[in-house]
Amino acid sequence: MKKNVLPIALMLSLLSTPVMAAQGATSTSAIVMFLIFIAGTMVITWWAAKRTRTTSDFYTAGGGLTGFQNGLAIAGDYLSAASFLGIAGMVYVSGFDGIIYAIGFLFGWPVVMFLVAERLRNLGRYNFADVTSFRLAQTPMRVLAASASLLIIALYLIAQMVGAGKLIVLLFGLDYNVAVVIVGGLMMIYVAFGGMTATTWVQIIKAVLMLFGATLMVILVLAAFSWDIDSILARAVEVHPDGAKILAPGSQVSSNPLNALSLGIALAFGTAGLPHILMRFFTVADAKEARKSVIYASSFIGYFYLLTFIIGFGAIALLWQHPEYFHTGPDGKFNMLTNLIGGTNMVAVHLANAVGGNLLLGFLAAVTFATIVAVVAGLALAGAAAISHDLYANVIAKGRATERDQMRISRISTIVLGVLAILLGIIFENQNVAFMVGLAFAIAASANFPVLVLSISWRGCTTRGATIGGFLGLIVATGWVVLSSTVWVDVFGFATPITPFPNPGILSIPLAFLAIWFFSITDTSERAKTEKAAFDALTVRSQTGIGASAASQH
């Protein structure tokens, strides 16, 4: 497992071998469950469409979700199937160290809870750009937020569209391009007609299904070893080529400590800058429910990552007993790390078949698709908000757009994003797109997070500082990854990379904070003085919520 490959995108390689299509019963059960999910979500979309009349309904489900519902939806938005399968594959390959990404993803949630969740809900209406422009200039702040958000969303969409397209190819045997069009079409229907209400309930259903499926797999694995985790670990050490090393941490970190630190920083702070995650805090009634959302989401996500750890070690302990899951070498033998059909990221799929048969494997395939559709819908909704609310309503129309205008632009934006996602999915079918998700986290942590945090917590932050610092973080993070081995060598084909390691966070994040600080303290304009004076009003509103309810109704 390469140290610079993020588990969110690892699914793209795991779906390249037609394992499920080769098994008729599995394919049939998966197709049936797949069609049931599609039918159910279409009913939800029809129900939600009747209740989506205003921009508040479209973007934030009218702010009527409870903390528990929103926490489940956030978990559904955050836990992609690729993350689940990728982390299980990493544990299968490297043991204890495979959980390093899960720890990074989970660590981001306390940052969200203590630094931004309440303040977001109290200050904003639809997305985090409302917050950064509360006392800073509307146009530059919204252009910055929309630029970073749309780039993050595009990178995520590529990964999810390719993964979903490959999955449908395996289930139905369709042409890949047709499969991608189907996924894009479903996403456009969910978002354009049902808005946040439909998207939320798709995400809730998906989260419940994924938590149930992973829990069932773990129960079956534990049952196979008489409910003794020590027996699983002992068997894993016995059969794994690396032996006892799989229980010792440090191998992935020690190979390149700076890259590991840089990746960790991006994972920890990137969550607090992901537009489709931050948007979910405006779907609840108040800051108290926003706090509850984070607590529930963190609990569900943490529980899920614990399950993937057991699934990974369970796969080590069990899959070697199934030669049918492996290619055999010239000598008639197989290596459990290099000869697994579909690659090592197929371990969760093979394990589902080993412990639960075709029915569980079909269920897992359907949940995988449900997961991708839920994530894609959330991304499309955040993109539509960036285009319609930030760029059109507040930059182009300068606040004069009516709700009908915004709704029309939102639906047009959704269709445009859907077509773009389809085209990108087709173009990048055979590309290594792992770097795109890593870049998405790095951009979120380098551009969105510093501006968001400093604009609500530091009186001295000015529009000039936030704009220069945010765009600097955005450009440096993007340029660093493009010049790294992940893109410069693996994609462009050059012999050597220009940057020493792939993850830019260790440079781009501190640089963004430093630039915001420097260009703010040297800003002596009259506008800067006004912005600093407005900090007291922002603090009262963000801490108490006074005025938040009234503002959300306008």
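Read-outs throughout are calculated quantities, based only on the coordinates presented, and are distinct from any laboratory measurement. Here the structure is a predicted model, which is why all the values come from computation and not from measurement. Positions of Cβ are generated from backbone atoms using ideal geometry, with glycine treated the same way; all protein chains shown enter the neighbour counts.
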Worksheet item: What are the aspartates and glutamates whose alpha-carbon lies under 13 Å from the alpha-carbon of Lys288, with same-chain residues fewer than 8 places away excluded?
Response: Glu118
Worksheet item: By how many degrees, between 0 and 90 and to the nearest 10, does the Cα long axis of helix 24-49 differ from the longest principal axis of the chain?
Response: 20 degrees
Worksheet entry | Per-residue HN-Hα couplings for the stretch 505-519 [Karplus 6.51, -1.76, 1.60; θ = phi - 60°; Hz; x = Gly/Pro] | x, 5, 9, 5, 5, x, 5, 5, 4, 5, 5, 4, 5, 5, 6
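Can you give the calculated 222 nm mean residue ellipticity of the chain, where each DSSP H run of n ≥ 4 adds -39,500 (n - 2.57) and the sum is split over every residue, rounded to the nearest 500 deg cm²/dmol?
So the helix-based figure for the chain works out to -22500 deg cm²/dmol.
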Worksheet item: Tilt of helix 403-427 relative to the longest C-alpha principal axis of the chain, in degrees (0 to 90, nearest 10)?
Response: 30 degrees
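Rounded, prolate or oblate: which fits the stretch 260-313, taking a ≥ b ≥ c as square roots of the Cα gyration tensor eigenvalues, rounded meaning a/c under 1.5, else prolate when a/b beats b/c?
Taking the square roots of the gyration eigenvalues as a ≥ b ≥ c, the stretch 260-313 is oblate.
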Response to the item:
Computed over the chain: longest principal axis from alpha-carbon atoms vs helix 434-443 long axis, angle to nearest 10 degrees, is 30 degrees
Worksheet item: Working out 0.36 nm times the residue gap between Val239 and Ser255, then minus their Cα-Cα distance, what length gain in nm do you get to one decimal?
Response: 3.3 nm
Worksheet item: Non-local amide H neighbours of Phe326 (under 5 Å, H modeled in plane, Pro and chain starts lacking H): which ones?
Response: Ile341
Item to complete: Calculate the translational D of the chain in whole µm² s⁻¹ from Stokes-Einstein, where the hydrodynamic radius comes from the Kirkwood formula applied to all Cα pairs, the temperature is 4 °C and the viscosity 1.567 mPa s.
Response: 55 µm²/s
Worksheet, complete the sentence: Those chymotrypsin sites (Phe, Trp or Tyr not before Pro) from the stretch 98-166 that are DSSP loop and have at most 10 other Cβ neighbours within 10 Å turn out to be none
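For an R0 of 25 angstrom, estimate the FRET efficiency from the Cβ-Cβ distance between Thr28 and Thr328 and round to the nearest 0.05.
Working: r = 28 Å, r/R0 = 1.11.
Given R0 = 25 Å and the Cβ-Cβ separation, E is 0.35.
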Worksheet entry | Out-of-range pairs (alpha-carbon distance over 30 Å; input Lys206/Lys245; Lys245/Lys292; Lys50/Lys206) | Lys206/Lys245; Lys245/Lys292
Discussion item. Going Cα to Cα from Lys398, which aspartates and glutamates come in below 16 Å? Please leave out same-chain ones fewer than 8 positions away.
Written reply: Asp130, Asp390
Worksheet item: Taking R0 as 51 Å, what's the FRET efficiency between Thr215 and Arg53 from their Cβ-Cβ distance, rounded to 0.05?
Response: 0.85
Worksheet, complete the sentence: Per the rule of 0.36 nm per residue minus the C-alpha distance, extending Lys529 to Leu247 adds in nm 95.9 nm
